[in-house]
Amino acid sequence: MPLAISFFATQNQTTPSPKDQPIRTVIDLVTFNVIVQDQETGKPIEDLGYEDFQVFDNGHPVEARIFESGRSHDPRPLIIWFLASCPEQRGVESGSQFGAGKGSLFEPALENLNRDYSMGVAHWCDNGDAKIDLAPTQKPDAPLAAIDAVHHRVPVKPDKHLGTLALQRTLDLVVDRTRFGNQLALPVIVLLYDGRMGMTKDEADLLAKRLLYKGAIVYQVSDHREGFTGSDSHGKDSSLQFISTQTGGRAIPVQHADYVGAMNSILQALRFRYTLGITPPSRDRQWHELRVKLTEAALRKHKHARVDCGAGYLAGGSFGSVPPYSISQYRQAANSQLDPNLAHAIDSPALTRDVRIDAKAHSFIGSTHLAEFTLQFDSGEVTWATLPDGDRRSEINIVVASFSEEGKELKHELIQFELIRDEVHLPITGDGPFAHTATVVLPDNVSRVRLAVRDAVTGRIGVRDFSLKEILESPKSPLPNIV
């Protein structure tokens with residue numbers, strides 16, 4: 001799995017710290033989306049306040065430390081992923097065909113999509129194939145063609161075991177792509193699938209927890225109404241319906257080929273979301289069940305209210321958190337002394353590639369000096385030591401160095417990380433991407449920025465260069481709030 005690190009850089013001048021300061025990154029707040037709709041009209045209920053909600057952690061009432069209404073803040077940008085299954089060979093019992101040519105039926109619902117939303121398409125097949133077909137875009141017609149292209153693929157022989165594994169890989173692909181592309185974005189997955197995956201209860205529960213941990217919401221859209229009764233003719237549970245509900249989404253049956261209505265129902269729910277946050281009662285590194293209810297007074301006012309919310313979280317992590325790493329970060333003063341090999345890698349005209357990394361950079365709207373850099377590399381590129389409790393530990397160094405047009409080094413800053421990886425919960429959390437943000441100061445007259453990643457144990461290094469022109473010409477993002 002990939003390991004990703006991201007950080008910010010600015011050209012404003014600050015005074016460096018007189019000595020190295022360890023910074024402990026501890027997550028003490030779990031935030032989550034709550035969607036409340038009228039079950040009869042399907043419209044969101046927008047007049048609820050803090051006092052109308054009750055939150056339960058493992059069955060015990062807890063106080064909401066954060067409450068925001070969709071009226072009072074701009075919700076996170078959405079990336080809507082359409083996931084479609086490949087067609088299956090005829091002559092076998094599957095019931096999994098969503099139907100070729102139906103992608104275009106969503107078009108009216110997507111034409112007026114919020115300009116902050118993006119859409120992508122991915123597929124999985126019962127032969128094990130899993131792939132992203134369309135990277136997130138804001139062009140409303142692009143997903144429709146990509147969906148239909150999936151349904152026109154060559155039919156494959158059904159194998160539900162391989163299909164389940166492929167679906168899991170596809171879900172990981174789209175969520176990880178979302179996080180690497182925009183850590184603030186909320187991944188919303190729309191499963192276009194009429195059949196059943198044949199998952200066991202334990203498999204469905206684990207998959208729901210993986211999606212919850214990574215902050216994804218799942219909706220299943222199907223035109224087979226019998227797929228939403230809870231079981232089929234063979235008595236199998238509807239695993240996808242269960243997963244959708246657990247992540248705070250739901251299964252939506254299409255009636256009278258009203259795909260526009262189904263999609264509008266999803267978008268309407270997402271446009272108005274409540275955000276709640278709690279302090280976990282303990283950091284016991286266990287899975288906690290989470291439940292949100294309306295008070296009796298609120299239910300008297302809204303008799304047909306339906307509350308959708310993610311069903312749990314991993315204590316010590318949060319919705320949308322990075323994988324199971326506790327982090328110690330040590331920021332060295334600007335231009336502090338570097339390891340000789342790392343200093344050579346920074347100054348050398350050649351790029352060191354002992355650690356294989358991927359990286360990107362972009363600037364921000366309203367600023368020509370602020371830039372964000374994101375590095376991504378596989379966790380196997382660094383060294384892990386096993387601790388007595390079974391967890392694993394790694395140390396990495398990140399250097400950001402700036403150079404003038406003449407090639408003179410203007411400044412560098414070193415950030416050292418100690419990562420502790422929770423091995424027990426890897427089936428839930430996965431092994432990446434890991435993400436981290438930090439700010440560094442770049443001097444005036446910078447022409448080029450070099451990023452270096454070093455495995456502290458082996459000394460292996462990976463380097464990536466960015467020109468200022470490359471940074472400024474990349475798609476811009478809104479300015480972050482930097483304290």
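Summary of computed values
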{"item": "Subset of segment 357-368 (residues that are in contact with a strand residue (DSSP E or B) (Cβ under 6 Å, 6 or more places away or on another chain) and surrounded by fewer than 16 Cβ atoms within 10 Å (Cβ to Cβ))", "result": "ASP358"}
{"item": "Whichever residue in segment 29-69 is touching a Pro at 6+ places or on another chain (Cβ under 9 Å) and surrounded by 19 or more Cβ atoms within 10 Å (Cβ to Cβ) and, among such residues, is farthest from SER118 (Cα to Cα)", "result": "ASP57"}
{"item": "Flag if ALA456 is over 16 Å from ASP378 (Cβ atoms), in the same structural domain as GLU418 (by TED's automatic domain parsing) and either at pLDDT 95 or above or of a type in the set (Gly, Ala, Ser) (or both)", "result": "yes"}
{"item": "Qualifying position, being in contact (Cβ under 8 Å) with a residue 60 or more places away in the chain, surrounded by fewer than 17 Cβ atoms within 10 Å (Cβ to Cβ) and touching a Ser or Thr at 6+ places or on another chain (Cβ under 6 Å), among LEU472, LEU419", "result": "LEU472"}
{"item": "Qualifying residue in segment 305-328 (condition: over 28 Å from the mean Cα position of the chain (by Cα) and assigned by TED's automatic domain parsing to the domain that holds GLN39)", "result": "yes"}
{"item": "Every residue from segment 242-254 that is crowded, with 23+ Cβ neighbours inside 10 Å and assigned to a helix (DSSP H, G or I)", "result": "ILE243, SER244"}
{"item": "Which numbered condition ALA345 fails, given (1) crowded, with 18+ Cβ neighbours inside 10 Å; (2) among the hydrophobic types (A, V, I, L, M, F, W, C); (3) under 22 Å from the mean Cα position of the chain (by Cα); (4) over 19 Å from ARG65 (Cβ atoms)", "result": "(3)"}
{"item": "Selected residue (only one of ALA361, ALA333, ALA345, ALA350 is part of a loop (DSSP other than H, G, I, E, B) and touching a residue at least 40 places away in the same chain (Cβ under 8 Å))", "result": "ALA333"}
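To keep it simple, each residue is scored yes or no on (1) over 30 Å from PHE56 (Cβ atoms); (2) modelled with pLDDT under 90; (3) assigned to a strand (DSSP E or B).
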residue	(1), (2), (3)
LEU211	no, no, no
TYR219	no, no, yes
LEU240	no, no, no
HIS256	yes, yes, no
ALA262	yes, yes, no
SER265	no, yes, no
GLN268	no, yes, no
LEU276	no, no, yes
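The values are calculated or read from the model by the stated rules, or taken from the named source; none is laboratory data. Bear in mind that the values here come from a model prediction, so they are computed numbers and not experimental data. A quick note on method: Cβ atoms are made from the backbone with ideal geometry, for glycine too, and the neighbour counts reach across all protein chains shown.
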